[in-house]
Amino acid sequence: MNFNKIKSAVLGIGMAVPPKVLTNFDLEKMVDTSDEWITERTGIKERHVLEDGENISDYAIKAAKEALEKAEVSPEEINLIICATVTPDYIIPSLAVLVQDGIKASNAGAFDLSATCSGFIYSLIVADQFIKINPDWKILVIGAEALSRKTNWQDRTICVLLGDGAGAAVVGKSPDPEKRGIIDFYLGADGSCWPLLTLKGGGSCFPPFDERLPKEEFYIKMKGREVFKVATRMMEKICLDLLERNNFSPEDIKLLVPHQANLRIIEYLREKLGLPKEKVMVNINKYGNTSAASIPLALYEAEKEGRLKKGDLVLLVAFGGGFTYGGALLRW
């Protein structure tokens with residue numbers, strides 16, 4: 001089998017977010033902040049958050065069902081489900097098996113993948129490798145996060161950033177490898193940066209209710225300035241490396257879809273690549289940082305808005321806590 005001739009492609013995409021919207025003006029009543037301050041420093045105006053009684057699996061299942069419908073693939077045709085998440089409903093069972101049961105994908109294996117904000121790209125590339133070996137497989141790749149459940153709502157440096165949501169893609173063998181499919185990818189990590197973005201409480205080192213750890217450590221914590229420096233360097237390198245080794249220039253890109261962490265990071269990257277604003281997908285203003293869900297949410301909206309058409313050259317890039325980072329160059 002010639003693996004080089006087999007390409008995987010996104011066959012259908014779906015998304016789902018909780019209906020509850022938390023605006024910057026709502027946050028003004030909760031912490032010492034303002035709409036002007038949040039907008040200027042992050043580009044975020046609002047975010048969607050789970051209400052009591054809701055779980056992120058509810059929205060992962062909704063997104064998966066829409067992706068299946070768009071791909072014209074039945075749940076029984078799915079061979080594998082990969083859920084990128086750091087906020088599953090439970091430690092056991094995984095989010096992926098809850099989705100498997102929720103959509104009745106009786107023939108599918110299922111597992112979660114933890115790579116923080118880079119999780120969707122990591123999962124997409126894992127699916128790509130499976131399909132190169134099993135060309136008839138259909139794989140459901142989901143990014144789903146409930147970051148509001150890991151947010152300290154008294155910490156104004158972090159609570160303004162995060163939101164909840166889920167995006168899903170059906171990935172399968174490209175029907176036209178010359179015009180559609182994943183061309184190349186870049187995966188990496190730098191574990192030395194782990195103290196910059198953490199959630200220490202709740203793991204096996206500091207189990208729930210462990211009194212050795214301050215209460216604040218059971219929520220996401222971040223050193224914003226240091227993260228900005230690492231993130232911009234990583235993302236620029238990934239984009240330039242992927243383009244150069246595939247004989248493309250930034251001008252060839254139809255759409256850059258970066259992880260939606262901070263508008264300043266996105267703008268820095270856009271300027272470094274010399275891209276006009278219309279070639280960069282931005283929807284952080286509506287959803288905030290949804291970690292592994294941010295890229296599929298952005299892809300969904302880009303397609304819905306007519307900014308993505310079959311055959312378009314698309315560059316995905318993300319970074320996340322750990323630090324992890326990744327990119328994918330593909331024709332939509």
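Points worth noting:
- Of all residues in the stretch 31-50, those that are buried (at least 20 other Cβ atoms within 10 Å of the Cβ) and either modelled with pLDDT under 95 or part of a strand (DSSP E or B) (or both) total 2.
- Of all residues in the stretch 242-299 being aromatic (F, W, Y) and in contact with a strand residue (DSSP E or B) (Cβ under 8 Å, 6 or more places away or on another chain), the one that is surrounded by the most Cβ atoms within 10 Å (Cβ to Cβ): Y287
- Note on the stretch 113-137: residues that are in contact with a helix residue (DSSP H, G or I) (Cβ under 7 Å, 6 or more places away or on another chain) and either crowded, with 24+ Cβ neighbours inside 10 Å or on the phi > 0 side of the Ramachandran plot (or both) total 6.
One line per residue, one yes/no per condition, for (1) in a helix (DSSP H, G or I); (2) of a type outside the set (F, W, Y); (3) farther than 29 Å from Q100 by Cα:
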position: A166; (1), (2), (3): no, yes, no
position: P175; (1), (2), (3): no, yes, no
position: K179; (1), (2), (3): no, yes, yes
position: I182; (1), (2), (3): no, yes, no
position: F185; (1), (2), (3): no, no, no
position: W194; (1), (2), (3): yes, no, yes
position: T232; (1), (2), (3): yes, yes, yes
position: I238; (1), (2), (3): yes, yes, yes
position: D241; (1), (2), (3): yes, yes, yes
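- Residue in the stretch 70-88 that is among the charged types (D, E, K, R), over 30 Å from D136 (Cβ atoms) and modelled with pLDDT of 95 or more present: no
- Counted residues, the stretch 210-228 - those being surrounded by 12 or more Cβ atoms within 10 Å (Cβ to Cβ), of a type outside the set (A, V, I, L, M) and part of a helix (DSSP H, G or I): 6
- Boolean, L140 is assigned to a strand (DSSP E or B) and modelled with pLDDT of 95 or more: yes
- Residue within the stretch 104-123 that is acidic (D, E) and either touching a Phe, Trp or Tyr at 6+ places or on another chain (Cβ under 9 Å) or over 29 Å from N283 (Cα atoms) (or both) present: no
The values are calculated or read from the model by the stated rules, or taken from the named source; none is laboratory data. Treat the numbers as computed from the prediction; the structure is a model and nothing was measured. All Cβ positions, glycine included, derive from the backbone under ideal geometry; neighbour counts span all protein chains shown.
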